[in-house]
1. Report the residue count in the stretch 55-86 for those that are more than 22 Å from Phe171 (Cβ to Cβ) and of a type outside the set (Asp, Glu).
2. Restricting attention to the stretch 65-95, which residues are out of contact with any helix residue (DSSP H, G or I) (no Cβ under 6 Å at 6 or more places or on another chain), of a type outside the set (Lys, Arg), farther than 14 Å from Ala138 by Cα and surrounded by fewer than 18 Cβ atoms within 10 Å (Cβ to Cβ)?
3. What do you reckon, is Glu60 outside any helix (DSSP H, G or I) and without any contact (Cβ under 8 Å) to a residue 12 or more places away in the chain?
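What follows draws every value from the coordinates through simple rules; no lab data is involved. Predicted model only: the values in this text are computed from it and were never measured. Heads up, the Cβs are rebuilt from the backbone with ideal geometry, glycines too, and the neighbour counts pull from every protein chain shown.
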Amino acid sequence: MVSRNEAESAVKTLLEYLEADADREGLGRTPERVINSFDEIFAGYNQDAAEVLNSTFNGEGYNGIVLLRDIEFHSTCEHHLQPFKGRAHVAYIPTDRIVGISKLARIVDLHARRLQNQERITKSVADDLENHLNPLGAAVIIEAAHGCMQCRGVMKQNSIMTTSAMRGVFFEKSEARTELMQLIRSSPLSN
């Protein structure tokens, strides 16, 4: 494991690569600030899905779709260290246990707060739901805009990437997928 001082030194080296005067006033504390921000941005490395999803409740016979949609997230592309952000829709059909809805948002954040690609976040969230909740079905759909597409390379400002993982009845039964998609597309609550 690299020490905090080594990490700050690495940031200083990058600043010297980019800036002719890497010692100017505005950059003086930048290495420290960058490492502080990394501690927050990449906090997912210090979290475990089992701990997030360990607190369940009696489902009291509920066997319909549980959906938390429009979960906003920010992540960092592992290929270019560029940000990407979007929203996730996470659903499951419980067997006998349900989980608090905040846990669905937390499991998205757990995976998003690591160096990532969108496909891995999608698959990992679905895997966690399947492994820890044992639902009849689990579904994750993520829509995101990627900085590596917007500010470099092809420079496509309005492109959105969509990924999905369907497990159990969401994979096996088109009726379940159709109902899920209708719920995702339904109008949000009015204020």
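1. 18
2. Passing the criteria: Asp70, Glu72, His74, Glu78, His79, Leu81.
3. So Glu60 passes the test.
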